[in-house]
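Let me begin by presenting the structure, written as structure tokens, before commenting on it.
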Amino acid sequence: MRWFTDFTNSSLGKKFIMALTGILLMMFLIVHFIGNMMLYFGPAAFQKYVETLEVVKPLVRVIEIILALIFIFHIYNGVRLWWINKKANPEKYAVDASRENSDVFSRSMAITGSIIFIFLAVHLSTFWYSFNFGTHPETEYPFYTIVSDWFRIPYYSIIYIISMGFLGFHLNHAFQSAFQTFGLNHKKYTPLIKIVGTIFALIMALGFASIPIYFLMGGK
Amino acid sequence: MSSNHTCQPERLVTLKLKIWRQENKNAKGHFDEFNQKVSPDSSILEMLDEVNNKLEAEGKTPIAFESDCREGICGTCGLAVNGHPHGPLPKIATCQLHMRNFKDGETLYIEPFRAAAFPVIKDLIIDRTGFDKIQQAGGYTSFNTGSAPDASAILISKKSADLSLDAAECIGCGACVAACKNSSAMLFVSAKVSQFALLPQGQPERYDRVQAMVKVMDENAFGSCTNTYACEAECPKGISVSNIARMNRDYFMAKLVNEKVEV
Ligand code: HEM
Ligand code: SF4
Ligand code: FES
């Protein structure tokens, strides 16, 4: 197994794990996104969707554990890389020219990632907790009510919307970066990958953020 | 009225230079300030020569900096000018940077390439031994040369020959490391790996080479790539980050298929 631990401890191996876990997280995001969009089909449709998930709860729990592990690996490796990279470049230039040779998305991955992490903690302790372990409101469609109650709190919604902006930043670089890390870079398709990544990041950020905006603007 | 253009005095550019001075590896450095009038046709190295002449005439220690070919092929002359390795212009080495590119009265910060892997030896001179170690780990092919083989004995496609020569343009200057926020050496190493990986002669050692060079890269205080592509933007030879993707590919393939198993 030494070849394997050599690999996971090498700089390229750590990058590979970042990209692989990152891609898996993006797949999860897509599924989560589709689920959230059920809200727009009305309280009854959303209730039905969540109840369907309740039926397969054991499966959901297994997926949640896998997901947690993926997050942990992604974050653990991200922190490790951040630390190594900080040590490798201790002294900065008198004039910062980084804006002229790279984009802000690529330079801020550790910051945007950390913000997503904080968001995640808030998100789990509010929505996920309310859905799974909280006392459900006595309404016809309790799951929808939980969502609308949270999003009618302006500061909560605003934090949520801003976090989605940072998620978009992270994804915009992450998408094309993962392809480069896997060794897929070619004049033929790399420009397309970059465009698709930006569109994906925009859809995710705007789509997720649209829900709190909807409720803040008085959506029922 | 006689006109004699050739005898007109040359219009000089006046620059405020802030130049990094550092006694040795362990000393604390600082910027020294010079007001310098310089010909627009002089290169930045020629300007430093003039500054040094003046310093020497005053009995002061001249600024230590490195250069050799002064035509962009040896890779020794790297300086950071206003935060840009080899200065703000694309695809040239420091020695090819001429002062006509700067405005009268401009301030220039001239610093050594900065990275933990490239400690400052003195003033603007850095220690790039890390690159030598990486090269020694695999930047070669081993076979008996014998007598010159027939030119068409080994066929090479024009496309891979071109890509290989593009990668071989790397002059080992270290600007990629200096530009990278992580001080990663990926562009350099990937150029050295690619130049052989693209040719038939490089195949026998292809997977051993990439693993050996990456290992030494990781051991020498270089950071890890986060795909910011600052390296490509600052590289004097325009080495493409597609070489990095090729190296990633080769490295993963090496881990999966390489015959050599270390126990
Ligand atoms: C939904 C959540 C997330 C998704 C979909 C995601 C996705 C990705 C992807 C695909 C990459 C690119 C890998 C590569 O460059 O090859 C990446 C990189 C990274 N992520 Fe995340 N990530 C998420 C959350 C986080 C969190 C919570 C953190 C940590 C605190 C984090 C920190 C990082 C860091 C530091 C990098 C490395 C930057 C780089 O190498 O360019 N990410 N992420
Ligand atoms: S890849 Fe470019 S910047 Fe890096 S050492 Fe080679 S020539 Fe210099
Ligand atoms: S002195 Fe040789 S490249 Fe500049």
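Before moving on, here are some points about what is shown:
- Above 25 Å, the calculated P(r) of the stretch B:60-202 contains 39 percent of its Cα-Cα pairs.
- When the alpha-carbon atoms of the stretch A:1-43 are used, the pair Rg, Dmax equals 17.3, 54 angstrom.
- With distances taken between every two different alpha-carbon atoms, the stretch B:210-263 has a Kirkwood hydrodynamic radius of 12.9 Å.
- In summary, the lysines within cross-link reach of residue B:103, defined as a Cα separation below 25 angstrom excluding same-chain residues under 8 places away, comprise A:92, B:16, B:18, B:37, B:54, B:91.
- Long-range Cα-Cα pairs in the protein assembly as shown (distance over 30 Å), rounded percent: 57 percent
- Unit charges on C-beta of K, R, D, E only; dipole of the stretch A:1-85, Debye: 240 debye
- Residues of the stretch A:88-117 buried by at least 50 Å² of accessible area upon assembly of all protein chains, compared with the chain on its own (1.4 Å probe): A:88, A:89, A:91, A:93, A:94, A:95, A:101.
- Among the residues of the stretch B:168-184, those with an accessible-area drop of 40 Å² or more from chain alone to full protein complex, heavy atoms and 1.4 Å probe, are B:181.
- For chain B, the 222 nm mean residue ellipticity estimated from helices alone, with every DSSP H stretch of n ≥ 4 adding -39500 (n - 2.57) and the total spread over all residues, rounds to -10000 deg cm²/dmol.
- With one equal scatterer per alpha carbon and no solvent term, the Debye-computed log10 I(q)/I(0) for the stretch B:13-122 at 0.14, 0.22, 0.23 1/Å reads -0.54, -1.40, -1.51.
- Listed pairs B:159/B:192; A:86/B:192; A:86/B:122 exceeding 20 Å between Cα atoms: A:86/B:192; A:86/B:122
- Per residue, the average separation of C-alpha pairs within less than 8 Å and at least 6 apart gives the stretch B:106-253 a relative contact order of 29 percent.
- Dipole moment magnitude, nearest 20 debye, chain A about Cα centre, only Lys, Arg, Asp, Glu C-beta charged: 760 debye
- Within straight-line reach of residue A:220, meaning a Cα separation under 20 Å, sit the following lysines at least 8 residues removed in sequence or on another chain: A:48.
- Along chain B, longest interval not containing exposed trypsin sites (Lys or Arg not before Pro), exposed being DSSP loop plus at most 10 other Cβ atoms within 10 Å: B:104-259
- Estimated FRET transfer efficiency (residue A:153, residue A:48; beta-carbon r; R0 22 Å; 0.05): 0.30
- For the protein assembly as shown, the solvent-accessible area works out to 52 Å² per residue, with a probe of 1.4 Å and every protein chain left in place.
- With every protein chain in place, chain A: carbon and sulfur % of accessible area (1.4 Å): 75 percent
- Annotation: average projected area of the stretch A:96-220 is 10.3 square nanometres, based on the convex hull of Cα atoms across all directions.
- Stokes-Einstein translational diffusion, the stretch B:191-236 - Kirkwood Rh over all Cα pairs, 0.692 mPa s, 37 °C, in µm²/s: 268 µm²/s
- Computed label-point distance, nm, for sites residue B:249 and residue A:145 using a 7 Å Cα→Cβ extension: 5.8 nm
- Alpha-carbon centroids, the stretch A:113-191 and the stretch B:28-90: separation in whole Å: 51 Å
- Loop-located GluC sites (Glu not before Pro) in the stretch A:59-153 (DSSP state other than H, G, I, E, B) with a sparse environment of at most 16 neighbouring Cβ atoms within 10 Å: A:91, A:138, A:140.
- Debye intensity ratio I(q)/I(0), log10, chain A, q values 0.07, 0.11, 0.16, 0.17 Å⁻¹ (C-alpha model): -0.27, -0.65, -1.21, -1.32
- Prolate/oblate/rounded label for the stretch B:147-219 (Cα gyration tensor, a/c 1.5): prolate
- Excluding ligands, DNA and RNA and using a 1.4 Å probe, chains A and B jointly bury around 3400 Å² of accessible surface, summed across both partners.
- Relative contact order for chain B, counting Cα pairs under 8 Å that sit 6 or more residues apart, in percent: 19 percent
- Tail fraction, Cα-Cα pairs, chain B, threshold 34 Å, whole percent: 30 percent
- Mean Cα-pair separation over length for chain A, i.e. relative contact order, pairs under 8 Å, 6 or more apart, %: 27 percent
- The Rg/Rh ratio of the stretch B:170-258, with Rg taken over Cα atoms and Rh as the Kirkwood radius over Cα pairs, comes to 0.95.
- The distance linking the stretch A:1-64 with the stretch B:204-260 is 30 Å (Cα centroid to Cα centroid, whole angstrom).
- Per-pair calculated FRET efficiency, R0 = 41 Å: residue B:160 and residue A:30 via Cβ, rounded to 0.05: 0.60
- Residue A:62-residue A:124 FRET efficiency (beta carbon distance; Förster radius 25 Å; 0.05 resolution): 0.90
The values are calculated or read from the model by the stated rules, or taken from the named source; none is laboratory data. Computed from a prediction, not measured in an experiment: that's the story for all the values here. Ideal geometry is used to build each Cβ from the backbone, glycine not excepted, and the neighbour counts take in all protein chains shown. Remember, those area values only see protein heavy atoms, side chains included, never the ligands or the DNA or RNA. Shrake-Rupley method; radii C 1.70, N 1.55, O 1.52, S 1.80 Å.
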